[in-house]
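J.: The structure is given below, and queries will be raised subsequently.
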Amino acid sequence: MKKTVLAFLILGFVNSSFAQIDSAGLKTAMQQLDKALLQKDQQVLQMVLHKEVSYGHSNGWIQTKSDILNDFTSGKLIYNRIENNSSAIVTISKKYATVKTNTNAEGMVNGTAFNLKLHIMQFWVKTKKGWRLIARQSAKQS
């Protein structure tokens with residue numbers, strides 16, 4: 001009986017440690033994404049975006065990974081500010097994570113300025129190279 005209890009305590013500690021490590025890695029990936037979007041950092045975007053990412057905007061526009069990279073190069077989309085203004089709700093498992101947050105975003109698309117308050121849902125997958133964003137959808141806050 002004592003061995004069973006000890007085994008559960010050890011497993012609980014290992015799982016708790018895993019979640020904390022993965023949480024820190026996910027937080028880093030999220031910060032890298034926001035910074036890369038602001039700075040048009042193609043190298044970091046290549047790293048944090050999954051090859052099959054679906055990046056949905058509140059107006060229905062959906063970008064692929066190549067769209068995101070090309071739209072920054074062409075100047076079609078420019079972010080001036082990305083501010084996550086609420087505590088993110090994060091759910092992490094061994095292979096994936098969901099993140100829900102409220103964000104203020106400012107920039108320009110096709111030369112037209114935007115300033116939006118958004119609800120954002122992100123879906124991240126864990127790969128051998130770290131967390132990769134595979135899906136994102138935003139909706140305007142009412």
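The values are calculated or read from the model by the stated rules, or taken from the named source; none is laboratory data. A quick note: this is a predicted structure, and the numbers were derived from the prediction, not measured. Glycine also receives a Cβ, built like all others from the backbone with ideal geometry; neighbour counts cover every protein chain displayed.
J.: Looking at THR64, THR101, THR112, can you tell me which residue is closer than 14 Å to ALA135 by Cβ and modelled with pLDDT of 95 or more?
T.: None of the others qualify; the one that does is THR64.
J.: Look at region 62-85 and say how many of its residues are surrounded by fewer than 13 Cβ atoms within 10 Å (Cβ to Cβ) and out of contact with any Gly (no Cβ under 6 Å at 6 or more places or on another chain).
T.: Of the residues in region 62-85, 7 are surrounded by fewer than 13 Cβ atoms within 10 Å (Cβ to Cβ) and out of contact with any Gly (no Cβ under 6 Å at 6 or more places or on another chain).
J.: Pairs please, first residue from region 118-130 and in contact (Cβ under 8 Å) with a residue 60 or more places away in the chain, second anywhere and aromatic (Phe, Trp, Tyr) and assigned to a strand (DSSP E or B), Cβ atoms under 6 Å, 6+ apart in sequence or on different chains.
T.: TRP124/TRP131; VAL125/TYR96
J.: Separate question: Modelled with pLDDT of 95 or more and charged (D, E, K, R): is that true of LYS27 in this structure?
T.: The answer is no for LYS27.
J.: Six or more apart or on different chains, Cβ atoms under 9 Å: show the pairs whose first residue is in region 21-42 and among the β-branched types (Val, Ile, Thr) and whose second is crowded, with 19+ Cβ neighbours inside 10 Å.
T.: THR28/TRP131
J.: Residue by residue through region 24-41, note down the ones that are assigned to a helix (DSSP H, G or I) and crowded, with 16+ Cβ neighbours inside 10 Å.
T.: GLY25, LEU26, ALA29, MET30, GLN32, LEU33, ASP34, ALA36, LEU37
J.: How many residues does region 21-40 hold that are out of contact with any strand residue (DSSP E or B) (no Cβ under 8 Å at 6 or more places or on another chain), among the hydrophobic types (A, V, I, L, M, F, W, C) and over 15 Å from LYS126 (Cα atoms)?
T.: Selection size over region 21-40: 1.
J.: Any idea how many residues of region 64-86 are over 18 Å from LEU116 (Cα atoms) and of a type outside the set (A, V, I, L, M, F, W, C)?
T.: Number of matching residues: 9.
J.: Right, here's the next one. Has region 42-57 got at least one residue that is under 22 Å from ALA113 (Cβ atoms), among the small types (Gly, Ala, Ser) and either crowded, with 18+ Cβ neighbours inside 10 Å or within 16 Å of the chain's Cα centre (by Cα) (or both)?
T.: yes
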